[in-house]
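**Q** Please read through the structure below; I'll follow up with questions.
The values are calculated or read from the model by the stated rules, or taken from the named source; none is laboratory data. This is a predicted model, so every value here is computed, not measured. Using ideal geometry, Cβ is built from the backbone for each residue, glycine included, and neighbour counts are taken over all protein chains shown.
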Amino acid sequence: MIGDIVQYLDGKKLITVVVMKVDGSGNVVRLKQKNGHKFNTTIDFLKPIPLTPDILENNGFEQGTIYENAFVFEDDNEHQILVYLKDRNYTRGSYTYIDAHCGCLDISEMPVNDVHELQHAFSICKINIQISLP
């Protein structure tokens with residue numbers, strides 16, 4: 001989706017990029033690098049960025065004390081997002097789902113293993129936050 005932070009496989013090197021535009025077929029995307037360089041490619045060269053504890057904590061999540069198996073995000077508008085862990089190994093695939101209480105909107109069991117899935121949860125909850133990577 002537009003705005004998703006993903007990685008582009010440039011030969012053997014992964015470059016972090018933001019999706020700027022998607023064509024009607026959904027196969028060709030326009031990407032923007034951190035340095036501002038823009039280019040087109042196909043989705044075959046894109047890879048998701050796995051969530052890590054560092055990424056969650058860098059974006060306002062705290063490891064839960066009440067919810068031992070979750071990272072918790074809360075803001076001043078009474079939005080709460082919990083990212084539940086499948087296990088404590090913090091490996092790819094260890095995050096299973098989000099449980100979010102966003103004003104009058106609740107989402108639960110939305111899959112979240114990658115940065116772009118976390119971005120989608122923030123968007124659904126109308127939380128305007130720019131995800132930053134460590």
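**Q** Regarding residue 103, is this residue at pLDDT 85 or above and on the phi > 0 side of the Ramachandran plot?
**A** Details: at pLDDT 85 or above: no; on the phi > 0 side of the Ramachandran plot: yes.
So residue 103 fails the test.
**Q** Same structure, new question: Residues that are in contact (Cβ under 8 Å) with a residue 24 or more places away in the chain and loosely packed, with under 12 Cβ neighbours inside 10 Å: does region 58-69 have at least one? Steps first, please.
**A** Start the filter on region 58-69 by keeping residues that are in contact (Cβ under 8 Å) with a residue 24 or more places away in the chain, which leaves 58-60.
Filter once more, so that each one left must be loosely packed, with under 12 Cβ neighbours inside 10 Å: none.
No, that holds for no residue.
**Q** Checking the structure you have, find out if any residue of region 29-43 is hydrophobic (A, V, I, L, M, F, W, C), in contact with an Asp or Glu (Cβ under 8 Å, 6 or more places away or on another chain), under 17 Å from residue 119 (Cβ atoms) and touching a residue at least 12 places away in the same chain (Cβ under 8 Å).
**A** Residues of region 29-43 hydrophobic (A, V, I, L, M, F, W, C): 29, 31, 39, 43.
Then drop every residue that is not in contact with an Asp or Glu (Cβ under 8 Å, 6 or more places away or on another chain), which leaves 29.
Now drop any that are not under 17 Å from residue 119 (Cβ atoms), which leaves 29.
Keeping just the survivors that are touching a residue at least 12 places away in the same chain (Cβ under 8 Å) gives 29.
Yes - at least one qualifying residue is present in region 29-43.
Rundown of residues vs (1) among the charged types (D, E, K, R); (2) over 19 Å from residue 132 (Cβ atoms); (3) surrounded by 13 or more Cβ atoms within 10 Å (Cβ to Cβ); (4) touching a Phe, Trp or Tyr at 6+ places or on another chain (Cβ under 8 Å), yes/no style:
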| site | (1), (2), (3), (4) |
| --- | --- |
| 1 | no, no, no, no |
| 6 | no, no, yes, no |
| 13 | yes, yes, no, no |
| 17 | no, no, yes, yes |
| 24 | no, yes, no, no |
| 28 | no, yes, yes, no |
| 31 | no, no, yes, yes |
| 36 | no, no, no, no |
